[in-house]
Amino acid sequence: MPEATKQQLQTLQQALQEVGLHRRINTDPALLALYDHDVFFQAAHRPLAVLQPRRCDEIGPLVTCAGGSELSIEVRAGGLSYSGGYLPQNATSVILDVSLLNGIDYAHQTTDIVVVEAGATWQQLDDFLHGSGMRPALSAPFSGSVSTIGGAIRQGLPADMHAVLALEIIAADGTVFHTGSLATDALSCSAWRGQGPDLTGLFIGDCGALGILGRAWIKLEPQPLHRRFFACAVNAPDEYLSLLEALAPLPGNYRAYCFDPGRSKNLQTQGFWQQLRTGARVLLGKSNPLQTVQSAGQMFRTLLQWRDTALSGTWGVHVICESHCRQEANALERRAADTAASRGFRRLTTSVAEVLNTRPYSVRGMLGRRYERWLPAHGIFPLAARRKLGATLLKALDDIRRRLGPERVECHMLLINAGRHHVLIEPMFLWDGELYPLHLKHCPQAEQKSPPANHPVSDTEIWEARKDLVALMDSLGAQHVQLGRSYEYLSRLNPVTRRLIRQLKRGVDPGNTLAPGILGLTTKEDA
């Protein structure tokens, strides 16, 4: 370590000693090694230290001490970024680990708003709300057992974020302020984002460039009273998009997933006990014996369908329809069934949709079924621009597979509706590569993985292929969440908006202390 850098670290340690937070710094080499990479990227620099607040009111002093020591700050919570979102960009960076800040409570004098600290996971919120008949008015990711609500707010979700009512933000100088209705001297948060400019929205999806999240006030909604499920097989993703168009005009809510043929192969290769555990989750949720017997029969038929060679090249579509009104849920299911029948889509059993509805959180998907490395890309597109969209992206994936060698890389695609009028398309790569400590922490069984083959595809080749794919999606009008450092943002803005975001960054973080390089803001001059 250079002498100047060592002096900065000593200055930080002394500053923390003076404010009584010397126990909040960790320089254990094993921890630093865990925090120098994410799911895909390996940082060029290992963090100098990890700062671990145990209360939200400790974030401000920690930030002040780090900034006063002229250190950069990256914020980490669940740690499942694949876009370089929290990786050190220089040799004088510290990680602010907020994973210990996982408190959850109801907002003052309400039962329909919760206050969550930055490190609270989606699973912890589900556990807190268990038995209340309420749920967050935000859709949780599959990784919700590890990923945090705060991370989703800062990185963005492919859905309406108006359920985020107010935020507590810590600025680069350690100052704490609030947004939404809490920006006034009110004692409680309302379900309205507040008067004047929407400051809450300003800190959603900024990836930590503008401030550090301490707490968030989240709107709850009643669990829907009625659910219906539908599933069918289609021959191409564009046929799935046509089904979404048919559902969009109807009232009620729905979640619609489309898995490519490779995902069906994954289901076929699941072990018996894993299939049994998945089925049991659904059966335990049934309210009467008849439903249990019916679902058990459906699951048996599903296992047979997954092995049906006639379905081996088809895409599986699984739809969850829900509403407080029975007629609305029924109407969504009927529209899906009628559309499928009119277009010759083969009807499937609904067991997969029922399992998806139970929110089976899992981080196993960060690796392939044989513990291959995984890297996705995604684009959010309006349904109105869907013509040949799926076919164009599939052709690009096929070209990449041929270029890299089908024996060296697998290419897959997942589609999920993003509200009524948009769809998220997520191509992904699987390849036989070296596993990082982060992978082994969450998938310890992967330690039994065989060494890579003689000529595995390199991470650089995968990254270049992903860059080409993202550039294609951008040319087709894609938007993105989880921008981090791997999706273009600043360069895609028009000059006026680009100047505005630079001025905003300079105003709230003049030293470019917070997440340098995020959103394309790379240096103090750029900021």
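Readers should treat all values here as calculations from the given coordinates under stated rules, not as data from a laboratory. None of the values given here were measured: they were computed from a predicted structure. For neighbour counting, all protein chains shown are included, and Cβ atoms are generated from backbone atoms with ideal geometry for every residue, glycine included.
Run the helix sum for the chain: -39,500 (n - 2.57) per DSSP H stretch of 4+ residues, divided by residue count, reported at 222 nm to the nearest 500 deg cm²/dmol. The partial results should precede the final answer.
Values: 16 runs with 177 residues, N = 527.
Taking each H run of at least 4 residues, the total per residue is -10000 deg cm²/dmol.
7 Å from Cα along Cα→Cβ at both Asn494 and Asp105: what's the point-to-point distance in nm? Calculated label separation equals 4.7 nm.
For the range 1-59, what does the alpha-carbon gyration tensor say about shape, rounded, prolate or oblate, given a ≥ b ≥ c as the root eigenvalues, a/c under 1.5 as rounded, and a/b over b/c as prolate? Oblate, since a/c reaches 1.5 and b/c is not below a/b. Let me know the shape class of the range 3-100, please: from the alpha-carbon gyration tensor, a ≥ b ≥ c as square roots of the eigenvalues, rounded when a/c is under 1.5, otherwise prolate if a/b is greater than b/c, or oblate. In terms of gyration-tensor shape, oblate.
DSSP loop trypsin sites (Lys or Arg not before Pro) in the range 53-130 with at most 16 other Cβ atoms within 10 Å of their Cβ, which ones? Each step should come with its number before you reach the end.
Values: sites: Arg54, Arg55, Arg76; in loops: Arg54, Arg55.
In loop regions of the range 53-130 (DSSP not H, G, I, E or B), the sparsely surrounded trypsin sites (Lys or Arg not before Pro) are Arg54, Arg55.
Relative contact order of the chain: what whole-number percent is it, with Cα pairs under 8 angstrom and at least 6 residues apart?
The value is 16 percent.
Please label the shape of the range 488-527 as rounded, prolate or oblate, based on the square roots a ≥ b ≥ c of the eigenvalues of the alpha-carbon gyration tensor (a/c under 1.5 means rounded; beyond that, a/b larger than b/c means prolate, else oblate). Oblate.
Of all stretches in the chain that contain no GluC sites (Glu not before Pro) in a DSSP loop with at most 15 other Cβ atoms within 10 Å, the longest one is 71-406. The C-alpha atoms of the chain define a longest principal axis, and helix 459-475 lies at about 70 degrees to it.
Give the label of the value calculated from the structure for Cα extents along the principal axes in Å, choosing from (1) 69, 62, 48; (2) 70, 55, 51; (3) 118, 70, 48. Matching entry in (1) 69, 62, 48; (2) 70, 55, 51; (3) 118, 70, 48: (1).
With contacts defined as alpha carbon pairs under 8 Å and 6 or more residues apart, what's the relative contact order of the range 104-222 in percent? Could you put the intermediate results ahead of the total?
On the way: 229 pairs, mean separation 42.3, N = 119.
Averaging sequence separation for qualifying contacts and normalising by length gives 36 percent for the range 104-222.
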